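Peer 1: Handing you this structure, nothing more for now.
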Amino acid sequence: MHAPTLLSLLSLLAPSLISAKPLPKNATTIPPTYPPTYPTTRPVEKKPWHLHNLTIFTASDPFLNASYVTFTFTDKNKGLELTTTCTRRIEALPMPMPYVPMNYTTPPAYPPTNYTSTITNTTEPIPYSNSTAPTPSPQSAVVVGGRVDPLADPSTWYPCANGAVKFQYAGVGKPMQVQRSYVDPAVGEAPRDIVTAFGTSEKKVEGKVVKSWAGVMRTVRKMKVVVRQVIA
């Protein structure tokens, strides 16, 4: 029996060494780095946001109908794509009960039978008057066009369906304010990895107006919101 040769041993222990193709003469090897690095791109709010189908309805009677402002927010920036609905609604106020003094008695049916006038001058107070019914207090003191706008509230951020987006509505004739938050690990570790961008609409809230017995509806098909400030 012949002793195994070195080549036969290598072929048994490491077949890949025999089948491996030799490196080109001009090839160079680069040692691996640790920790490994990966190409990363930080999200940036470069493109403007868009508000679609902005609708503002102000009820003529706060006891009969609700007032609301609603729109769809869209962010198309790479890595930050987001679409959500934003709404602020003021429900109709409860109908007030008429004021009736405790000593009030139900008056007789009118006209009475065998009617005889008994009207005399008197200084006694009228037991019931519509003027004593409580009047609704406005939800907001913002006056737009000589009228109180219950929806206008320039000092409060109202959250959208996606809580990362909030908005401020200051009233007709003023721009919309929108803010959007997102996570950026490059800023720091949680919870310090939150970035908030603030934007203002290029145009003021105007739009098409439709009036009816129920109230005034104002619609804007599309608005562009430019990012003015980013805070990390």
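The values are calculated or read from the model by the stated rules, or taken from the named source; none is laboratory data. All values reported here derive from a predicted model rather than from experimental measurement. With ideal geometry, Cβ positions are generated from the backbone for all residues, glycine too; neighbour counts draw on all protein chains shown.
Peer 1: Kindly indicate whether any position in segment 192-208 is modelled with pLDDT under 90 and loosely packed, with under 12 Cβ neighbours inside 10 Å.
Peer 2: Yes, because at least one residue in segment 192-208 is modelled with pLDDT under 90 and loosely packed, with under 12 Cβ neighbours inside 10 Å.
Peer 1: Ok, one more. Kindly provide the set of residues from segment 155-175 that are surrounded by 14 or more Cβ atoms within 10 Å (Cβ to Cβ), among the aromatic types (Phe, Trp, Tyr) and outside any strand (DSSP E or B), ordered by number.
Peer 2: Tyr169
Peer 1: Among the listed residues Ala186, Ala152, which satisfies the condition of being part of a loop (DSSP other than H, G, I, E, B) and in contact (Cβ under 8 Å) with a residue 24 or more places away in the chain?
Peer 2: Working: Ala152 fails: in contact (Cβ under 8 Å) with a residue 24 or more places away in the chain.
Matching residue, one of Ala186, Ala152: Ala186.
Peer 1: Can you pull out the residues in segment 168-202 that are closer than 17 Å to Val230 by Cβ and of a type in the set (A, V, I, L, M, F, W, C)?
Peer 2: Result: Val178, Val183, Ala186, Val187, Ile194, Val195, Ala197, Phe198.
Peer 1: I would also like to ask the following. Among the listed residues Leu64, Leu80, identify the single one that is within 17 Å of Lys166 (Cα to Cα), of a type in the set (A, V, I, L, M) and not in a strand (DSSP E or B).
Peer 2: Leu80
Peer 1: Out of everything in segment 42-61 that is outside any loop (DSSP other than H, G, I, E, B) and β-branched (Val, Ile, Thr), what residue ends up being farthest from Lys204 (Cα to Cα)?
Peer 2: Within segment 42-61, the match that is farthest from Lys204 (Cα to Cα) is Thr58.
Peer 1: Applying the selection to segment 209-223, what residues are over 15 Å from the mean Cα position of the chain (by Cα) and either of a type in the set (A, V, I, L, M, F, W, C) or surrounded by fewer than 15 Cβ atoms within 10 Å (Cβ to Cβ) (or both)? Before you say what the answer is, go through the steps one by one.
Peer 2: Keep residues of segment 209-223 that are over 15 Å from the mean Cα position of the chain (by Cα), which gives 209-222.
Those that are over 15 Å from the mean Cα position of the chain (by Cα) and either of a type in the set (A, V, I, L, M, F, W, C) or surrounded by fewer than 15 Cβ atoms within 10 Å (Cβ to Cβ) (or both): Val209, Val210, Lys211, Ser212, Trp213, Ala214, Val216, Met217, Thr219, Val220, Arg221, Lys222.
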